[in-house]
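The values are calculated or read from the model by the stated rules, or taken from the named source; none is laboratory data. These numbers were taken from a predicted model, which means no experiment stands behind them. Quick reminder, even Gly has a Cβ in these numbers, built from the backbone with ideal geometry, and neighbours come from all protein chains shown. Side chains are part of the model used for accessible areas, which takes the heavy atoms of the whole protein and leaves out ligands, DNA and RNA. Shrake-Rupley method; radii C 1.70, N 1.55, O 1.52, S 1.80 Å.
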Amino acid sequence: MKPSTQLIHSIPVDELTGAISVPIYQTSTFVQESPGINKGFEFSRANNPTRKVLEDLITSLEEGYAGFGFASGMAAIDAVLKLLKSGDEIMAVEDTYGGIFSIFNHMFERFGIKVNFVDMSDTDKVLEKITAKTRIIWLESPTNPTLKISDIKSISKIARQHNILLVVDNTFSTPLLQKPIPWAQIS
Ligand SMILES: Cc1ncc(COP(=O)(O)O)c(C=O)c1O
């Protein structure tokens with residue numbers, strides 16, 4: 001099946017009403033039979049049926065394990081960075097998007113997280129610059145704005161071998177063109 005056909009057939013019909021378009025559930029709270037006993041939804045900040053459809057579709061298109069929807073790219077980035085703790089290091093692609101450069105340098109450095117910027121279009125440099133404290137390799141491919149390309153497949157192997165998380169911020173790509181997640185699963 002072509003990705004566009006797969007996508008159109010993956011959109012679920014609403015079980016409650018049979019609606020063929022996914023309804024927008026505009027509720028903050030879901031009624032529970034008793035505390036913790038519910039239909040899988042409690043509060044929209046944590047989970048919402050409309051958002052879940054989006055997350056499941058993206059997961060399926062990117063061949064991932066799970067998907068999480070955020071209101072903006074920077075919100076998603078902020079959530080990922082909170083996996084780190086003081087003393088950890090990030091190896092980041094040298095010409096990363098300006099917003100990321102700002103929060104790395106002006107915010108997370110203040111919390112004791114060091115960022116090393118590396119030209120990742122040269123895969124050997126990635127290997128060379130790993131330290132005992134590197135916890136995340138932060139990639140963009142293509143980068144914004146200079147459209148530099150890195151070898152995601154090779155870098156994902158290096159990250160896995162060193163037990164480092166790999167982030168690929170693929171603002172210029174689409175799940176139909178580039179699937180970084182299956183590459184990151186290569187052992
Ligand atoms: C590579 C990259 N990451 C993150 C962002 C931020 O996304 P948002 O504007 O949705 O917060 C952008 C925005 O252009 C971007 O190019």
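Here region 165-177 is the region considered, the condition is being out of contact with any helix residue (DSSP H, G or I) (no Cβ under 8 Å at 6 or more places or on another chain) and more than 13 Å from the ligand (Cβ to nearest atom), and the residue that is farthest from K133 (Cα to Cα) is L177. Could you tell me whether region 86-95 includes any residue that is over 20 Å from I152 (Cβ atoms) and in contact with a Leu (Cβ under 9 Å, 6 or more places away or on another chain)? Among the residues of region 86-95, not one is over 20 Å from I152 (Cβ atoms) and in contact with a Leu (Cβ under 9 Å, 6 or more places away or on another chain), which makes the answer no. The set of residues from region 1-53 being in contact (Cβ under 8 Å) with a residue 24 or more places away in the chain and in a loop (DSSP other than H, G, I, E, B) comprises I11, P12, V22, P23, I24, Y25. The set of residues in region 139-154 that are basic (K, R) and more than 14 Å from the ligand (Cβ to nearest atom) contains only K153.
Just one of (1) modelled with pLDDT of 95 or more; (2) on the phi > 0 side of the Ramachandran plot fails for L147. It is (1).
The residue that is least open to solvent (accessible area, probe 1.4 Å), among those in region 107-143 that are assigned to a strand (DSSP E or B) and polar (S, T, N, Q), is T134. Residues in region 46-89 that are surrounded by 14 or more Cβ atoms within 10 Å (Cβ to Cβ), of a type in the set (D, E, K, R), within 26 Å of E109 (Cβ to Cβ) and more than 16 Å from the ligand (Cβ to nearest atom): D88, E89. Residues in region 146-163 that are touching a residue at least 40 places away in the same chain (Cβ under 8 Å) and not small (G, A, S) were compared, and the one that is surrounded by the fewest Cβ atoms within 10 Å (Cβ to Cβ) is T146.
Of all the residues in region 90-99, those that are open to solvent by less than 70 Å² (accessible area, probe 1.4 Å) and either touching a Pro at 6+ places or on another chain (Cβ under 9 Å) or among the charged types (D, E, K, R) (or both) number 2. For region 99-138, filtered to residues that are in contact with a Ser or Thr (Cβ under 6 Å, 6 or more places away or on another chain) and closer than 29 Å to T174 by Cβ, the residue that is farthest from the ligand (Cβ to nearest atom) is T123.
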